[in-house]
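Please read the structure below before turning to the comments.
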Amino acid sequence: MFVAKHHGTSGMDLLLRANQRAPQPRRLVLLDGRDFEQHRAQFEARPARSGSRRTAAPSPAPFLTPDLSPKGKIMSFAYSSIRTREEAGVLFATLEAGPLNLIGVDLVRDLVSLVDTLYTDPGDVRVVVIDSASTEFFSAHVDLTAIPQYTAEAAKAGGPGDASLGMFLYKLANVPVITIAKVRGRARGGGNELALACDMIFAARENAIFGQFESGTGALPGAGGLQHLTRRLGRTRAIEAITGADDFDADLAERYGWINRALPDAELDGFVERLAKRIAGFPPAGVKAAKRAINDLALPHAANVRSDSATFLGLVALPETRERLDHLANRGLQTPGDVERDLGKAVAEFPG
């Protein structure tokens with residue numbers, strides 16, 4: 001996840017237009033000091049960590065609420081960047097946001113709409129399976145050309161005070177159904193944080209790749225990745241994964257506890273579908289209560305997610321971070337190619 005701003009007539013579409021212009025270095029001009037302070041004010045200067053005396057934000061709505069839909073009601077889940085099908089209490093949601101499945105305006109808008117429906121009127125949906133139409137990319141990372149726009153969409157999930165991808169994904173983690181990420185290809189940065197916000201992650205052994213590459217550019221994961229990985233991996237392995245900024249294949253991710261299981265690609269679909277339908281077939285009250293209790297024990301406090309977002313915004317404003325992002329952009333960041341396929345390697349290949 002990166003915050004970028006381009007001064008000039010082309011605005012935030014710098015990367016999209018760069019390939020259409022005469023060859024020249026591609027630059028991501030990040031927030032300067034004044035812009036950063038204005039943006040950061042949305043999050044409070046330094047949000048309190050859990051345990052402080054500040055008043056915490058309200059928790060997500062309790063799970064044990066009466067069903068709003070009559071039994072047997074089939075809800076309509078229709079989106080421009082997510083293909084859906086509903087079967088036996090399971091909603092299969094396939095990301096279709098281009099070859100890299102960047103987390104941008106359309107995808108965030110659709111995810112916000114989906115999550116809101118799951119909170120307010122889910123019909124018979126008790127389990128959601130999120131996967132990708134691309135076998136190479138579950139989701140590469142956020143769309144660097146549309147940070148203000150997709151942040152505005154994310155704000156609709158919780159209001160302007162929580163205008164961040166991290167706080168939207170925090171709401172996703174607390175959604176009152178079971179969520180499963182089924183990963184083929186690369187899940188990095190904000191794409192990995194989307195998977196981590198789900199209750200379970202299952203991945204194809206042959207091709208799934210996970211990574212939080214932000215430290216390689218001078219930043220840190222700002223949408224929950226730091227919080228989730230520290231809790232899943234433990235302190236020392238989380239430091240390795242986050243500060244090392246390298247790629248983890250599915251087998252290593254499984255051994256570290258990053259994901260639930262790595263499965264042969266040919267078995268992944270059948271395994272996840274059987275598990276999802278099994279859970280969907282159980283009485284929902286018990287499943288919801290179990291998830292709520294586990295979340296209370298294991299999820300970060302909202303203030304920690306807000307603090308990571310604010311820290312991230314400060315780091316991406318540093319000149320060294322801007323320089324490294326410009327270097328990656330000039331090599332092909334955010335376009336299908338070698339840099340995106342091997343981003344864990346690319347972030348370490350900085351001249352000088």
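Please treat every number below as a calculation from the coordinates, not as lab data. Since we're looking at a predicted model, the values are computed, not measured. Neighbour counts run over all protein chains shown; Cβ positions are idealised from the backbone, glycine included.
Points worth noting:
- Computed about its Cα centre, the charge dipole of region 277-339 is approximately 580 debye, with only Lys, Arg, Asp and Glu carrying charge at their Cβ.
- Peptides 272-283, 298-309, 129-140 ordered by packing proxy, namely the average of other Cβ atoms within 10 Å per residue, highest first: 129-140, 298-309, 272-283.
- Net charge over other residues, Cβ less than 12 angstrom from the Cβ of F202 (K, R count +1; D, E count -1): -2
- What the Cβ-Cβ distance of D121 and A285 gives, at R0 = 22 Å and to the nearest 0.05, is a FRET efficiency of 0.80.
- Positive contributions from Lys and Arg (+1) and negative ones from Asp and Glu (-1), summed over other residues with Cβ under 13 Å from the Cβ of A93, come out at -2.
- Placing pseudo-labels 7 Å out from each Cα toward the beta carbon at D249 and A133 gives an inter-label distance of 3.0 nm.
- Label-point separation in nm, E320 to E206, each point 7 Å along Cα→Cβ: 4.2 nm
- Peptides 210-222, 241-253, 188-200, 330-342 ordered by average Cβ neighbours within 10 Å, highest first: 188-200, 210-222, 241-253, 330-342
- Packing here is the average count of other Cβ atoms within 10 Å per residue, and on that basis the peptides 167-177, 316-326, highest first, run 167-177, 316-326.
- Extension gain from E240 to I294, taking 0.36 nm per residue of separation minus the Cα-Cα distance: 16.8 nm
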